[in-house]
Every structure is written in structure tokens, then in C-alpha cells.
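The values are calculated or read from the model by the stated rules, or taken from the named source; none is laboratory data. All values derive from a computational prediction rather than experimental measurement. Cβ placement follows ideal geometry from the backbone for every residue including glycine, while neighbour counts extend to all protein chains displayed. For accessibility, only protein heavy atoms count, side chains too; no ligands or nucleic acids. Shrake-Rupley method; radii C 1.70, N 1.55, O 1.52, S 1.80 Å.
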Amino acid sequence: MKSKNAIKTLSVLLISLAIFGKAKAQDSTKVEQPTEVKSLNKIRLSLLSLHYEREQKIGKLTTVYGGAGLAGTFLIEYNYSYMAGNETKTYFDLTPNLYAGIRKYYHFENRIKKGKKTINNASNYFGLDVSSYFSPLIKGGNLDQYNVANWEIGIAPQWGFQRSIGKKTNFEFSLGPAIRINKYQTYFGVDGRIGFSFLL
């Protein structure tokens, strides 16, 4: 009888160890979330624009980036004059552009503590974006009413974030005040981007 009890005890012990070992093995398959940024190659598809971008790691949480592509602009301008009445102008163009900038990510540790993904630089950042715009390829609306420059530069401090959607796609959003300078004028506004990046 003692040997039967010993076999039962040993069987229960082996089954318990097997279950515990399997649970530990499943825990070990959890993906470790990165604690720092990495370099990325992207095809960026934003509202009215398409670009290739390289984001290069230069520090634990800092990257520089550069890109080239086509940027679309759509503008509705509404004017009211007591003498002339209401006037609405529309403006659309599609322009080749180059841009570069720097990003400082700051939200990695908080996201890891909350169990959220940080792969593919999925975090919040502050940055500075400098863009150059060239002569429009496509013009539409009341464009003839505007002095259209062959070249323009834009400078925009930004706040933004990236969120990983699967292994090869990011959702991106950025927003900030901007200054645009061309040979006719200097004007101020808001610059923002929203869209998806497909990682190469």
C-alpha cells in the first residue's frame, strides 16, 4: 500500500511540476518591450501626401529623420468686407518636398509600466521639423489669385506620437505652430500630419 501512495504522490508532483513548467514557459514567451528607440525606414502615407522617410537613432531616446515625397495642400480662405461682401477662395496644390528634423521621445518607461507596446518607436515625442517645398506640380482652385513661389521653407516645433499597429505599420500624428517663408511673404500657421507609416 505504501508503494501505491508513493506512486500517487510522485505522479501528482510530476503533473504539478509539468503544469508549473508550462506556465513559466508561456510567461517567458512574452515579448520584451524595447526601452530605447531604433532606426526605421518608412513609407509615410499621410492626409494628402506620400513620402519615403529614414528615422535614424542617435541616442537612447533621440532620432533624426529625413524624407522626400509629394505634399498636398488644401486651403479655404473666407474674407468679409463691408464694401465688397463675402468672398471665399480655395487653393489646392501638390508639391514635391524634402524635410528633416529631430525627435526626442519621452514616454517609453511609462508605456512599458502600463504594459503597452514600445516597438517601432511607439511613444510620444517633442521635435523640430524643417521642410522645403518646390514649385507645384498640380494647381487647383483660385490659385491664380495667389503669388505662388517656386520655393518655400517651413519650420515647425512639434508634439507628436507613433503607435504600432502590428509589426510593420505605425499610426502617426504630429501638431505644432509653423512659420512659412517664401520670396513674397512670411506667414504663421499650424502644421500637422496624420497618417500611417509602412515599415520596410
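Computed on protein heavy atoms with a 1.4 Å probe, the accessible areas place Thr186, Thr63 in the order Thr186, Thr63, largest first. The accessible surface of region 69-169, taken with every protein chain in place and a 1.4 Å probe, is 60 percent carbon and sulfur. Computed extension gain for Leu98 through Lys168, at 0.36 nm per residue and net of the alpha carbon distance, reaches 22.8 nm.
Per-residue Karplus couplings for region 178-183, computed as 6.51 cos²θ - 1.76 cosθ + 1.60 with θ equal to phi - 60°, are listed in order as 9, 10, 10, 10, 9, 6 Hz, Gly and Pro entered as x.
Largest first, the residues Glu152, Glu77, Glu32 sort by 1.4 Å accessible area into Glu32, Glu77, Glu152. Across region 177-200, the residues whose backbone nitrogen lies under 20 Å from the label position 7 Å along the beta-carbon direction of Tyr52 are 196-200. Compared with the direct C-alpha span, the chain from Tyr106 to Leu45 gains 19.5 nm at full extension, assuming 0.36 nm per residue.
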